[in-house]
1. Could you pull out every one of the helices (runs of 4 or more DSSP H) wholly within region B:787-876 that has 3 or more residues that are aliphatic (A, V, I, L, M) and surrounded by 14 or more Cβ atoms within 10 Å (Cβ to Cβ)?
2. Can you tell me which residue in region B:28-45 is nearest to B:Tyr58 (Cα to Cα), limited to those that are at the interface with chain A (Cβ under 9 Å from one of its Cβ atoms) and free of Cβ contacts under 8 Å to residues at least 12 places away in the same chain?
3. Of the residues B:Met660, B:Met689, B:Met671, which is under 19 Å from B:Val630 (Cβ atoms), among the aliphatic types (A, V, I, L, M) and under 30 Å from the mean Cα position of the chain (by Cα)?
4. Would you pick out the residues in region A:23-49 that are assigned to a helix (DSSP H, G or I), more than 18 Å from B:Ala51 (Cβ to Cβ), modelled with pLDDT of 90 or more and within 14 Å of chain B (Cβ to nearest Cβ)?
5. Considering each residue of region B:470-518, count those that are outside any helix (DSSP H, G or I) and modelled with pLDDT under 80, and give that number.
6. Just to confirm my filter: which strands (runs of 3 or more DSSP E) fall fully inside region B:668-743 and include at least 2 residues that are of a type in the set (Phe, Trp, Tyr)?
7. Filter region B:8-27 down to residues that are of a type in the set (A, V, I, L, M, F, W, C) and within 8 Å of chain A (Cβ to nearest Cβ) and give me whichever is nearest to A:Ala61 (Cα to Cα).
8. Which numbered condition in (1) at pLDDT below 90; (2) touching a strand residue (DSSP E or B) at 6+ places or on another chain (Cβ under 7 Å) is the only one that B:Glu580 fails?
Amino acid sequence: MAPGEFPGEFEQMVLLAILRLEDGAHALAVLAELDEQAGRRVSRGTLYKTLDRMEAKGYVAWAVEEATPERGGHPRRLFRVTASGVELLRTSREALVRLWTGLEPVLRRRPT
Amino acid sequence: MHPPRIVEWLLRAFLPSGVTGDSILGDAREELLAYARSGGLAPRLWYCFHALGIARAYAFEVVMDGVLKDIRFAVRALVKQPGSALLSVLILGLGIGLSTFMFSLIYGVLVRGLDVPESDRIAVVERIDTRDLDRGGSPVPAHDFLDFRERTRSFEGLAAYYGGSVTLADDVAAGRYNGAWTTANTFDVLRMRPILGRTFAAGEDAPGLEPTVVLGYDVWRDRYASDPGALGQSVRVNGRVGTIIGVMPEGFRWPSNHDLWIAMTDDPLSRPRGEWRPWSVVGRLADGVSWERAELDLAAVAAQLEREHPELNEGMSADLLTVSEQQNGDEIALIFSAMMVAVLCVLLVACANVANLLLARAATRTRVAGVRAALGAGRLRVAFPFFAEALVLACAGAVVGTALAYWAVDLFDQATAPTLTGRPYFVKFVVDVPVLLYVVGITAFTALAAGIAPAIQVTRADLNSILKDEARGSSSFQLGRLSRGLVMVEVALSVALLIGAGLMTKSIIQLGRVDLPFEPEAYLSGRIGLLGTDYPERTDRQRFWQETERRVASLPGVAAVAISGAVPGGGSGNQPIRLEGQTYPEPSDRPSTLGDIVSTGYFDMLGVALIEGEGFSEAHTLESERVAIVNRSFAQRFFPEGSAVGRRFRTGTADSIPWMRVIGVVPDLQMQGFRPTGSPSSTPDGFYMPLAQSDPTFMAVVARPRSGAAVALAPALRDAVGTIDPDVPLFELRTVDESLRRGSWFYMVFGSVFIAFGLAALFMATAGLYGVLSFSVSRRTQEMGIRMALGAEGRQVIRLILSQGLMQLAVGLGIGLVMAAGLSSVVGILMYRVNPRDPAVFGGVLALVVTVGLVAALVPALRATRVDPMVALRSD
C-alpha cells in the first residue's frame with residue numbers, strides 16, 4: 001500500500017464483503033452481500049472493474065475454482081483480500097475512528 | 001438455457017482474455033441458469049441487459065488501452081527504425097500530397113462553382129441545334145429569350161447579358177474596362193447585394209433610358225479611390241451619359257472577370273425576329289423545381305417557338321447547364337480525369353510500397369502475433385497492431401502531404417492566374433475545408449490500403465508452424481507472391497508515368513525551341529471585331545481596315561504596321577483546299593491546310609524576306625486575279641517537284657470560287673501556333689491571302705515601334721483606332737510575345753505537373769524494389785550463410801538475388817510499356833510537337849528504370865555476399 005493511500009468508499013465495501021464471505025467470495029456472492037448488508041445495488045460491470053482495479057493494486061487476489069457445466073465450462077474465481085488489502089482497511093478504519101472521536105453528540109442531534 | 005450467442009460473443013470481444021474474462025462469462029451463464037427457472041423470454045432479456053452493461057464497462061478500457069496502446073507501441077516501433085519509417089512517411093506524403101493537389105484542382109474547376117448564394121440553383125440556358133448536337137450550345141436569340149422569360153414557370157428569374165469593352169469617361173479621366181450589359185433582374189437572380197448604393201431597379205433596362213452603372217470593387221477602388229461619393233456621379237459610358245448607382249463586393253466579377261455592369265437598354269422588339277444579337281442567359285430555379293422539370297419546361301417552350309417560327313427555329317431547342325458545365329469543355333474534364341487517375345496510381349504505388357515495408361516488419365513479428373492468437377486473442381486484436389503502424393505512418397504522411405499540396409496548389413494557382421489564362425474569377429485553387437476533408441478520407445483509405453496486406457498475412461499465418469519451429473515459423477510466412485506482385489505493379493505504373501513525364505519534358509523543351517524569324521517581343525498586337533449591324537457592307541469593312549492601317553502607320557512612334565487574321569506565330573485557322581489538276585470525289589478527300597489573311601505590308605513588317613517570287617502589292621485588288629503566298633512547308637507538301645510559284649489552288653467546294661495563283665513563297669512563321677500534337681491543324685503548312693481580296697470581320701492590328709518597348713505603343717494605337725470609330729474596341733492589346741505565351745502556358749503548367757508525377761513514381765518504384773529485395777535477402781541470411789559456407793562464390797549469390805529482382809523488373813517493364821502507349825495517346829492533347837510514341841523517350845525511360853532497378857537489386861545482393869556464415873547460422 002502506498003503511504004497515505006485510502007480506498008474509495010465502494011472499494012472498501014467490496015473488500016469488507018469479500019472478508020465477510022470468507023471462503024465463498026465469488027463475484028456473484030459479493031454482489032449479493034453488498035445488496036443485503038449495505039443496500040448497495042451496483043451493476044456487474046462496476047463490480048468487475050473494481051475487482052480488476054484492486055487486483056492490479058494488490059489488495060485482492062483470486063484462485064481458480066474448477067469449471068462446471070452450468071457455467072458453460074467457464075472457471076470461477078474465488079476472491080480473497082491480500083495482506084496489503086487488510087492493511088489498507090486497517091489504516092482506513094483507524095483514520096475514520098480518529099476522526100469520529102468526540103463527535104458522537106453530533107449524531108444524536110436531530111436535524112431541525 | 002443457452003445465452004443468446006451474439007450477445008455472448010460481443011461480451012467476449014470486450015472482456016480481457018484469460019481467466020478473468022472467462023470467469024465473467026461463467027458468472028453470467030450461472031446467473032442466467034439460476035434465473036431461467038422462471039422460464040420465458042425474460043431471462044434472456046435480463047442476460048442481454050447485464051451482458052451489455054458489463055461489455056460497456058470494459059469497452060472504454062479496450063479502446064483506450066488496446067487501440068491507444070497499439071498506436072503508442074507502433075510509434076515506438078517505428079521510431080526504433082527511423083530510416084524505414086521516414087522513407088514510408090515520405091512515400092505516403094508524396095502520394096497523399098499529389099492526390100490532394102489534383103483533388104484541389106478538380107474541386108476548383110469542376111465543383112466549387114459560382115460564389116453566389118445557393119449557386120447550385122443557378123442554371124445557364126443555351127440554344128442547341130438538335131440536328132448537330134456535337135456543336136455545343138450558343139447564346140439565345142433575344143426574341144427567344146423574351147419568350148422564355150414570359151412562358152416558362154420553372155425559374156425564379158431569367159436574366160440576359162452580353163459582354164464587351166466599355167469606356168468610362170468623365171472630365172478627369174477615361175478608362176477601358178471589361179463590362180457586361182445585363183437585364184435589370186440579374187443581381188436578383190444571382191442574389192448578390194452591393195456593398196454600396198443599389199443594383200438595378202426593375203424597369204431600369206427599358207429601351208431608350210440613360211445607362212445606369214454598377215461598379216466592380218476594383219474599379220471603384222482604383223478609379224474612384226474607394227470614394228463613396230462615386231455614387232450618383234455622372235459618367236460617359238461608350239459616349240452616352242450615365243449614372244453610377246452601386247458598388248459590388250470585392251472579388252465579385254461575374255460572369256467572367258468583368259469589371260462593371262450596365263443595365264442593357266436594348267430594344268430587340270424594334271427589329272424583326274432574328275435581327276438582334278443573341279444574349280447569354282442565366283436563371284435561378286424556382287423553389288421546389290427540380291432540374292429535370294426546368295429542362296422539360298424549357299424544351300416545351302422551345303418546341304412552341306419552333307412551331308411558331310420554323311424559319312428561324314427549325315431543329316432548335318434549349319439546354320440547361322450548370323455554370324461549371326458551361327465553363328469547362330469535355331477536354332478539361334478528360335485531362336483532369338487522366339491526371340486524377342495518374343495520381344491515384346501514384347498513391348496506390350505508395351500504399352503498395354508501405355505495405356511491403358510493413359509486411360517485412362510484420363514477418364519479424366509473426367511469432368508475437370502467433371502467440372497472441374494461440375492465447376485466444378481475437379483476429380481483430382491480433383491484426384490491429386499492424387493496422388496501427390499503417391495508421392501512424394498515414395497520419396504522418398498526411399501532414400507531409402498537406403504541406404506539399406499547399407505549396408503545389410499555390411504554385412499552380414499563380415501559374416494559371418486569371419490575367420494569364422483567362423480563367424474565370426470564381427475558379428480558385430486553394431487548400432480549404434473540402435480539400436482537407438478529402439485529405440482525411442484519403443488518409444483513412446491509405447492506412448487501410450497499406451495495412452490490410454500485413455494484417456491479413458498475420459491472421460492467416462499458420463499457428464502450428466509458427467509455434468513449432470522458430471526459424472521456419474518466421475520464414476514460412478507467405479511474404480512472397482503478394483509483395484512480388486506489388487513490386488511489378490509499381491514498376492509498371494512508374495514506367496507509364498515516367499514515359500508520360502518524358503514526353504511532357506520534351507514538349508516543354510520544344511516550346512523553348514520555337515524558332516521564329518522575327519522577335520515576338522518587338523511587336524504589339526490588338527484585335528478588332530466589326531459587327532454586321534454597324535458595318536453591313538463589304539466596302540465599309542474594307543475602308544475600316546485600310547483606314548486603321550493608314551492611321552496607325554502615320555503615328556510618329558510606329559515603324560511598321562500590318563493587319564492579319566492571326567497574331568503572328570499564334571495560330572491560323574484550318575481549311576480544306578483544292579489543287580488545280582486534282583479531282584476530289586468526296587469533300588473529305590480535300591487536303592486541309594492553314595490559311596490566313598494579311599495586309600500588303602505584313603511580311604515587310606515582320607522583316608521576313610520571300611524565298612521565292614514576289615509579295616502582295618496594291619495591284620492585287622478585288623478586280624484583279626486572285627493570288628496567294630504560301631509558306632515553305634506548303635510548297636514542299638503540295639508541290640514537291642518544281643516551284644510552287646505560278647501554281648493554282650482554291651478553297652471551299654463551289655466551282656464558282658476563283659482560283660488563287662501562288663505568287664511567292666515565305667519561310668514557315670509557325671502558322672500552326674501552339675496546337676497540341678495530333679490536332680489536325682498542328683502541321684506547319686499554310687497560305688496567305690491578301691486582305692484586299694478577302695472580307696474578314698475579325699482581324700489583328702500588329703505594329704512595331706521605331707524604338708523602345710512595344711507596349712509603349714498601346715495608348716497611341718488605341719487612340720488611333722478610337723478616332724475611326726469610338727464604338728469599335730481594340731481588345732487583347734499586348735505584345736506578340738505575351739500573346740504567344742498565353743497560347744502555350746498550359747504546356748508548361750501541365751507538363752511540369754506530369755513530370756512531378758513521373759519522378760514521384762520513379763522514386764517509389766525504386767524504394768519498393770529495394771525494400772522487397774533487401775527484405776528478402778535479410779530473411780534468407782541463413783540460407784546465404786550456408787551457401788557461402790558450402791563454397792558458393794559471391795558471384796553466384798549475387799546472381800541468385802539479382803535474378804529474382806530482374807524477373808519482377810522485366811514483367812513490370814512489359815506491362816508498363818503497354819500502359820504508357822495508352823496513356824500517351826490521352827495526354828497527346830497536352831503536348832507540343834512531340835510524337836506520342838517518341839522512341840527516344842520510350843528508350844530513355846526504359847534505360848532509366850532498368851538502371852535504377854539494377855541498383856536497387858544490386859545493393860541487397862552485395863550485402864548478401866558479405867554475410868558471415870557463422871553469424872548467419874546463429875541467426876534465426
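The values are calculated or read from the model by the stated rules, or taken from the named source; none is laboratory data. It should be emphasised that the depicted structure is a prediction, and the values quoted were computed from it without experimental measurement. Note that each Cβ is placed from the backbone with ideal geometry, even for glycine, and that neighbours are counted across all protein chains shown.
1. B:794-826, B:839-865
2. Taking the candidates together, the pick is B:Glu30.
3. Numbers: B:Met660 fails: under 30 Å from the mean Cα position of the chain (by Cα); B:Met689 fails: under 30 Å from the mean Cα position of the chain (by Cα).
Being under 19 Å from B:Val630 (Cβ atoms), among the aliphatic types (A, V, I, L, M) and under 30 Å from the mean Cα position of the chain (by Cα) holds for just one of B:Met660, B:Met689, B:Met671, which is B:Met671.
4. Those that are assigned to a helix (DSSP H, G or I), more than 18 Å from B:Ala51 (Cβ to Cβ), modelled with pLDDT of 90 or more and within 14 Å of chain B (Cβ to nearest Cβ): A:Ala29, A:Val30, A:Ala32, A:Asp35.
5. Pass one, region B:470-518, residues outside any helix (DSSP H, G or I): B:476-479, B:513-518.
In the following step, the residues that additionally are modelled with pLDDT under 80 were identified as B:476-479, B:513-515.
So the count comes out to 7.
6. Details: elements: B:686-690, B:698-705, B:730-735.
Hits in region B:668-743: B:686-690.
7. Initially, region B:8-27 is screened for residues of a type in the set (A, V, I, L, M, F, W, C), giving B:9-11, B:13-15, B:19, B:24-25.
After this cut, where a residue has to be within 8 Å of chain A (Cβ to nearest Cβ) as well, the list is B:19, B:24-25.
On the way: B:Val19: 13, B:Ile24: 15, B:Leu25: 19 Å.
Out of the qualifying residues, it is B:Val19.
8. Every condition holds for B:Glu580 apart from (1).
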